[in-house]
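Step one of this worksheet: look at the structure below.
The values are calculated or read from the model by the stated rules, or taken from the named source; none is laboratory data. Since the model is a prediction, treat every value here as computed from it, not as a measurement. Here the Cβ positions follow ideal geometry from the backbone for every residue, glycine too, while neighbour counts run over all protein chains shown. The area values use the complete protein model at the heavy-atom level, side chains included, leaving out ligands, DNA and RNA. Shrake-Rupley method; radii C 1.70, N 1.55, O 1.52, S 1.80 Å.
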Amino acid sequence: MKTTAIKKVSFYFILFSFVFLTSCTFNTKENDNQNKTATKTLKYGSQYSGKRGDKEMQKFRANRFGQFIHWGLYSIPAGEWKGKIYSGAAEWLPKMTNISRSEWDSLIYKFNPVKFNAKEWAAMAKKMGVKYVTITTKHHEGFCLWKSDYTDFDIETAPYKGDLIKEFVDAYTAEGLDVYFYYSILDWHHPDWRYDIKSKNDSIAFERYYQFAKNQLLELQRKFPEVKGFWFDGTWDQSWKKNGRYSYEIEMALKKANPGVIVNSRLRADDLGSRHFDSNGELMGDYQSGYERFLPEKKDTSVVKMDWEACMTIPVNQWGYHKDWTLSHVKSPNEIIEMLVKTVSLGGNFLLNFGPKSDGTFRDEEKVIAHEIGNWMDKNGYVIYNGDYAGLKNQDWGYYIKNTFNNSVYGVIVNKPIANQMRVELPKNKKLEGAVLEGKQLPIHFHDRLGYFVVLPEENFISPVVIKLEIADKKSKHNPEHI
Ligand code: JFZ
């Protein structure tokens, strides 16, 4: 009996020790790994941690809603080549067909946007309610929309007589909108561009390309001192990824010329080829720009720790002008407004794309969308600008947004409950003192287990509706629990 008991005890002891030790080993391993990753010495990694606090970055953050513009030679074929329509992104047409480089490049002689009126563009953007704009100065095709001293493949070679980017910058700046430049590192035109570095010659050529890009970027900054930042793209190839030095030096050079300049994470790769985030998990550049045509999940609050911006197309995947928008779903103004609201509720910026036609005008669908979003923004824009994550428990009716300027909290209803009640759950030390729709207090019911229910008007909502929530600390006199 005794020996069996001892055997039993020792069996459990050994089993326990085994489980304990293995778990310790795993833990230690995990910790080791964490420590290792946390201490990787990187020359070209992140430059700081957390969010930038300077006034330029605060402005970027407060802006929240921007217009993206993709304009280039691709607006001429507009998705059609030799009688065939290609459903892919219009600016990628040369890669979807067997067009030779010289054939594509000769489109430059047809680029003549005689109807381009920068002031009208800026007025449309202003009316839509954006606070900033990001325009392609050079997309993957390599065509430069400004007069560049470093290439002839620019607007000066085209029949267009104006100074396009200058007219653009002046008009948007005059409307009080911040201007950002998109710049593609990937360049299908430049002879020194390399996808990978496989030989000494590749490396010499690519070094030349890198100098060319850096010169152009400093030129853009010099010629357009109003520019607030750069939106880099085309940085996914081995040539760029394998050489963290390039993206690091470009960020440094731009910041040396203008310390407040804002650079997106898509520019960057570190010493080990890690993109956006360095090998220690720290964000590179000033904001995360990986949300391209999708948004974080509603519950994914990991994004609120950083600055980030999502960019969005109106059709499924068209950035440049494509003549046929019947080929994919086209988002409605309400779908776009909902995305904008969701983005702001998670502390991000929303960049909505427009692809102007080669004559310099916008397609009617885009004009209508801009107009309708503008009508919503006229009335509700105050919830977007300076909007941020509110930290309240998610509800099915929509999104909470906290205004960082006046500390108000708003609920934006995008799915109106059939029962016409808007549930609000607050932390234990808070109470809901009022819920205001267009200046009118709505009735509030309190349920000790479920929280507050704001009674919504019976009528249908035809676009997202903003309700101001008056939240106070529990100790305040007025007690809404008896309403
Ligand atoms: C790029 C470009 O190729 C495209 O033409 C457009 O300019 C867009 C804004 O950026 O496309 C991307 C970039 C990144 C991803 C996908 C497409 N990505 O990170 O998944």
Expressed in nm to one decimal, what extension gain is obtained for the pair Gln211 and Leu442 from 0.36 nm per residue of sequence separation less their Cα-Cα distance? 77.0 nm
Please give, to one decimal in nm, the separation of the simple spin-label points placed at Asp237 and Lys474, each 7 Å out from Cα toward the Cβ. 6.1
Compare the peptides 196-207, 415-426, 387-398 by average per-residue count of other Cβ atoms within 10 angstrom and give them in order, highest first. 387-398, 415-426, 196-207
Counting only DSSP beta bridges with both partners in region 55-386, the antiparallel fraction in percent, to the nearest 5, comes to 15
Could you give each residue of region 109-115 its phi-based ³J(HN,Hα) in whole Hz, using Karplus coefficients 6.51, -1.76, 1.60 with θ = phi - 60°, and x for Gly or Pro? 6, 10, 7, 9, x, 5, 8
Computed lengthening from Ile462 to Lys84, 0.36 nm per intervening residue step minus Cα-Cα distance: 132.1 nm
Compute the distance from the alpha-carbon center of region 438-453 to that of region 353-420, in whole Å. 24
The ³J(HN,Hα) series, computed from each phi in region 182-197 with the Karplus coefficients 6.51, -1.76 and 1.60 at θ = phi - 60°, rounded to the nearest Hz and given as x for glycine or proline, is 7, 9, 8, 6, 4, 9, 6, 8, 5, x, 8, 4, 10, 7, 8, 10
For region 55-386, what is the accessible area per residue in Å² when the probe is 1.4 Å? 37
Shape metrics for region 390-473, restricted to C-alpha atoms - Rg then Dmax, Å: 12.0, 35
Too long at a 18 Å Cα-Cα cut-off: which of Lys402/Lys468; Lys161/Lys367; Lys393/Lys428; Lys119/Lys166; Lys298/Lys431; Lys43/Lys138? Lys161/Lys367; Lys298/Lys431; Lys43/Lys138
The long-range amide H neighbours of Ser408, using H built 1.01 Å from N in the peptide plane and a cut-off of under 5 Å, are Asn403
Take Ser49 and Lys379, extend 7 Å from each Cα along the Cα→Cβ direction, and tell me the distance between the two endpoints in nm. 4.6
In the chain, what percent of the accessible surface is made up of carbon and sulfur (1.4 Å probe, ligands and nucleic acids excluded)? 54
By the gyration tensor of its Cα atoms, with a ≥ b ≥ c the square roots of the eigenvalues, what is the shape of the chain: rounded for a/c under 1.5, prolate for a/b over b/c, or oblate? oblate
Between region 306-331 and region 90-143, what's the alpha-carbon centroid distance in Å? 15
Which residues' amide hydrogens lie under 5 Å from the amide hydrogen of Tyr182, considering only partners 5 or more residues apart or on another chain, with H built in the peptide plane? Ile135, Thr136, Thr137, Trp231
Between Glu433 and residues 5 or more places away or on another chain, which pairs have amide H atoms under 5 Å apart, with H built 1.01 Å from N, and which residues are they? Glu470, Ile471, Ala472
Give me the one-decimal nm value for the distance between modelled label points at Asn406 and Thr157, 7 Å along each residue's Cα-to-Cβ direction. 5.3
Taking a threshold of 25 Å on the Cα-Cα distance, which of the pairs Lys59/Lys223; Lys84/Lys127; Lys82/Lys357 fall above it? Lys84/Lys127
In deg cm²/dmol and to the nearest 500, what is the mean residue ellipticity at 222 nm of the chain if only DSSP H runs of at least 4 residues count, each as -39500 (n - 2.57), divided by the residue total? -10000 deg cm²/dmol
Test of understanding: extend the Cα→C-beta vector of Tyr150 to 7 Å, then name every residue of region 191-212 with backbone N under 15 Å from that spot. 191-194, 205-212
Residue by residue through region 101-108, what is 3J(HN,Hα) from phi via Karplus (6.51 cos²θ - 1.76 cosθ + 1.60, θ = phi - 60°)? Round to whole Hz and write x for glycine and proline. 4, 5, 5, 5, 4, 6, 4, 4
Solvent-accessible area per residue, Å², over region 390-473 with all protein chains present [probe radius 1.4 Å]: 54
